[in-house]
1. Over the Cα atoms of segment 14-84, each weighted equally, I'd like the Debye log10 I(q)/I(0) at q = 0.13, 0.21 Å⁻¹, rounded to two decimals.
2. In deg cm²/dmol, rounded to 500, what helix-only [θ] at 222 nm does the chain give when every DSSP H run of at least 4 residues adds -39500 (n - 2.57) and the total is split over its residues?
3. How far is it, in nm, from the label point at residue 332 to the one at residue 318 when both lie 7 Å from their Cα along the line to the Cβ?
4. Bins of 10 Å, beginning at zero and ending with the bin holding the largest distance: percent of Cα pairs per bin for segment 32-164, please.
5. Compute the distance from the alpha-carbon center of segment 203-224 to that of segment 357-407, in whole Å.
6. Label points 7 Å out from Cα along the Cβ direction at residue 129 and residue 151: separation in nm?
7. Assuming 0.36 nm per residue, please report the length gained on full extension of the stretch residue 96 to residue 143 beyond their Cα-Cα distance.
8. Mind sorting 452, 387, 380 by how few other Cβ atoms lie within 10 Å of their own Cβ, fewest first?
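Values quoted throughout were computed directly from the atomic coordinates according to the rules given, and no laboratory measurement underlies them. Everything numeric here is computed off the predicted structure, so don't read it as measured data. No Cβ is skipped: glycine too gets one built from the backbone with ideal geometry, and neighbour counts run over all protein chains shown.
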């Protein structure tokens, strides 16, 4: 619902192949930064690679970020297109170009910058990997899906030691004894702290590098037995090198893997519906499931929230109108005028571009038009009621007189609001007006229909729907008196 902001500071996420060294990543990043500075309209470029100590971002040395500052006098669209061509010229590197607010919003919503994400939840990583590949093949056949891939974390060789329970029992060793002994020799154990020059240093007990620099030497490590003897690690455990993920990501207290893809040639919502249909045909083990995330899912949730709030607001408005006017017929009269008044705002949004219809500014403008319409309708009906209380005979003459008396306030209100919004419309898609320009367009269109509804539709509806005042008993007795 948020429009694309013309922020002059752009952020480029840059990710190389797993295992790429930091010097190589820094070299490529510096090369790209120099090329970006030559793009017309680019004022400055900054970059950093890897991750600082204590950073809040979980990235590896093959990751980098480039900050590009666009000159305020440059053509924004042309400059961004030039930046995109430059970063697209580095094959083998994944990248994304967006403003910083867009990056933060996407990270909070889905944790990823891809437009389409199928997230698989579960505890068994092997099952997740197999199902992720099955999902990737399934969505690859959907029309509009571009380059689906499983977003796997980089793997690294890891030393795995699995205790042979039978062999350990023969030697009189518990599995926990093996784990504690190998943790001491291979990873080290903190046994204290050293304070020097207002600094704290951990004191660890660890084996020498020469005793653990190969798989065979690790197998020859000795473990103490309860009877005082020693036994080789290889005699009571299986020692091997296996691939392991460098990062295990969690969401909602569950491990997950993402299958990401781009979308081209079809609306994102239609592609998402087809993918959800494909996912229904895939069976997942117990405690494993898949969820479609990304921009389309967020838009769907936004629409549901807006629809729910709108329905609740309309019910509340109808109840308040009944309490104010004291009549369900009069409350329905004002309530029926609201949809007619909103037509002008919707038509104006479509006429100036369909993208304005679903933006946050458009929804705020529709609420403003709704408030203006309800206010004018209530004041007009209350004015009719006041004239009746003053003794005016109900009918066309009363409605005509009341409408004439309210004509100037209604027209003056519309003119004042339109005059305040016209500058936003004249300036066009200037930076900083991405949110308020759709608001101005919808409000101006809504003002036209709102004014027409208040001056033409409401009076006609009042003549047809307003309850007729019954003559009082005293009035009846007076009319029955003969002389």
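1. So the normalised log intensities are -0.43, -0.86.
2. Value at 222 nm, helices only, nearest 500: -16500 deg cm²/dmol.
3. The answer from the label model is 1.0 nm.
4. Distribution as computed: 9, 28, 34, 20, 8, 2, 0, 0 percent.
5. Computed from Cα coordinates, the inter-centre distance equals 87 Å.
6. 1.9 nm
7. Extra length available between residue 96 and residue 143 comes to 14.6 nm.
8. Sorted ascending by nearby Cβ count, the order is 452, 387, 380.
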